[in-house]
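Please treat every number below as a calculation from the coordinates, not as lab data. From a predicted model like this one, the values you see are computed outputs, not experimental measurements. Cβ coordinates were reconstructed from backbone atoms using ideal geometry, including for glycine residues, and neighbour counts include every protein chain displayed.
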Amino acid sequence: MLQDKKIVFSGVQPSGNLTIGNYIGAIKNFSRFSEEYETFYCVVDMHAITVRQVPAELRRRTYETLALYMACGLDAKKNTLFVQSHVPYHAELGWILDCYTMFGELSRMTQFKDKSAKHADNINAGLFTYPSLMAADILLYQTDVVPVGIDQKQHIELTRDIATRFNQVYGDTFTIPEGFIPTDTMKIMSLAEPTAKMSKSDPNPNAIVYILDNKDDIIRKFRRAVTDSDTRVCYGEGKDGINNLMNIYHAFTGKSNEEIEREFDGKGYGDFKLAVGEACADGLAPVRAEFDRLIAAKAYLESVMKEGSEKAMYYARKTMSKVRRKIGFVN
Ligand code: ATP
Ligand code: LTN
């Protein structure tokens, strides 16, 4: 037994500027675990290279993602914050788990199908085996809880299947993790195409609100958000645009759908969009200020990464030696 506290692990790819989807669906929820759990939050740069990256941008975004973790409330003293490629055990366990993951399972992953369609010129093996590396991230730390957005549910289920399969062959080795998927604001949709997920790699900048956008840009983007030909602010079928704006408004104000409907009763979409933009910009202002402060302190960020990877390594090493022994590698 490593320790009494339960373990939380999650990761974000440094593959683009982070969106309010990443914020609401994932990062904002991370800090709630800091006190009662042993938490590991990782910048998953190895996952990011499954899609072609410009090296200097990948490096810059790795620092930025770490700074954003902290700006969103993760205290480096209470959480282990680190970069995936700094802990080589991820690659090592990733390879091993590839050998316990079926071709058919990986073929069914919707993220693989979506990304293959988007990057038809670069359907590489890493894109295909992405979920077994993700399983390695999670299982290395004997993780109990994985806070993610709903789009990652399938990957968490596959992780559980891989861990269960491994445990059945070799006896208890991995903790079987649970996803923590907030249900009220599960999936933030594109502002331009509200039936599609808001994704940081979307080429249309008006579809996305970035965590670090300034207030004017945020308000402008919400003003242009695609809605419908109805005029009443209410949650319902066929109102994907409005539903999405209500979810975002809820995430920043805590107001329920009924409260929002009452607040905008008799008012038009214009007023509502402006209110959503303001709530979002005001909610993000402290994050942006703290980010600006941290990103200027490169040496400090490097010390956080270094300490984080040392601590992560300590935990990962224990799991790895168990795994190596069980599968029959010579010590
Ligand atoms: P990409 O667009 O490059 O595939 P992404 O925006 O999906 O990336 P990730 O780094 O893969 O971002 O995801 C980080 C976390 O943010 C994950 O837990 C994911 O579920 C969550 N997340 C991403 N987009 C959204 C969204 N639109 N709504 C809710 N959660 C989201
Ligand atoms: N696949 C995730 C990012 C990710 C992750 C993880 C999340 C990589 N490894 C481990 C949670 C736990 C994504 O695309 N959002």
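Assorted remarks:
- Nonlocal amide H pairs with LYS6, under 5 Å, H built at 1.01 Å: GLU38
- When the chain is treated as a Gaussian network with alpha carbon springs shorter than 10 Å, the biggest mean-square fluctuation among PRO14, PRO194, PRO203 belongs to PRO203.
- For the range 22-34, Karplus couplings with θ = phi - 60° (6.51, -1.76, 1.60), whole Hz, Gly/Pro x: 4, 5, 6, x, 9, 4, 4, 8, 5, 6, 5, 8, 4
- For the pair ASP75 and ASN124 in one chain, pulling the backbone fully straight at 0.36 nm per residue adds 14.0 nm over the alpha carbon distance.
- Each of CYS72, CYS280, CYS42 has some number of other Cβ atoms within 10 Å of its Cβ, and from fewest to most they run CYS72, CYS280, CYS42.
- Take the Cα of ARG165, go 7 Å toward its beta carbon, and the backbone nitrogen atoms of the range 135-156 under 15 Å from that spot belong to 135-136, 155-156.
- Percent RCO, i.e. relative contact order, over the range 165-302, from Cα pairs under 8 Å lying at least 6 residues apart: 22
- Spatially, the range 179-201 and the range 208-222 are offset by 16 Å when compared through their Cα centroids.
- Pairwise Cα distances in the chain exceed 37 Å for 19 percent of all pairs.
- 222 nm mean residue ellipticity, helices alone, for the chain (DSSP H n ≥ 4; -39,500 (n - 2.57); rounded to 500): -16000 deg cm²/dmol
- For the range 105-240, the residue among LEU140, THR183, ASN206 whose Cα projects farthest onto the positive side of the dipole built from Cβ charges is ASN206.
- In terms of its C-alpha gyration tensor, the range 116-198 has an oblate overall shape, because the principal axis ratio a/c (a ≥ b ≥ c, square roots of the eigenvalues) is not below 1.5 and a/b does not outweigh b/c.
- Set LYS77/LYS306; LYS28/LYS311; LYS115/LYS221; LYS153/LYS318; LYS200/LYS311 screened for pairs whose C-alpha atoms are more than 21 Å apart: LYS28/LYS311; LYS115/LYS221; LYS153/LYS318; LYS200/LYS311
- Alpha carbon convex hull of the range 232-329, volume per residue in cubic angstrom: 187
- For the chain, built as a Gaussian network whose Cα springs stay under 10 Å, the top-fluctuating residue of VAL44, VAL169, VAL304: VAL169
- Counted by neighbouring Cβ atoms within 10 Å, the residues LEU74, LEU68 run from fewest to most as LEU74, LEU68.
- Amide H contacts of LYS197: SER190, each under 5 Å away and 5 or more positions distant or on a separate chain (H built 1.01 Å from N in the peptide plane; Pro and chain starts excluded).
- The aspartates and glutamates within cross-link reach of LYS5, meaning a Cα-to-Cα straight distance under 15 Å and a gap of 8 or more places when in the same chain, are GLU35, GLU36, GLU38, ASP144.
- Projecting the Cα atoms of THR231, SER34, ALA312 onto the dipole axis of the chain, where Lys and Arg carry +1 and Asp and Glu carry -1 at the beta carbon, places ALA312 farthest toward the positive end.
- Look at where the Cα atoms of the range 245-306 and of the range 101-165 average out, and the two centres are 30 Å apart.
- Rounded, prolate or oblate (a/c below 1.5 giving rounded, otherwise prolate when a/b exceeds b/c) for the range 51-189 by Cα gyration tensor: rounded
- Rounded if a/c under 1.5, otherwise prolate or oblate - the range 1-95, Cα gyration tensor axes: oblate
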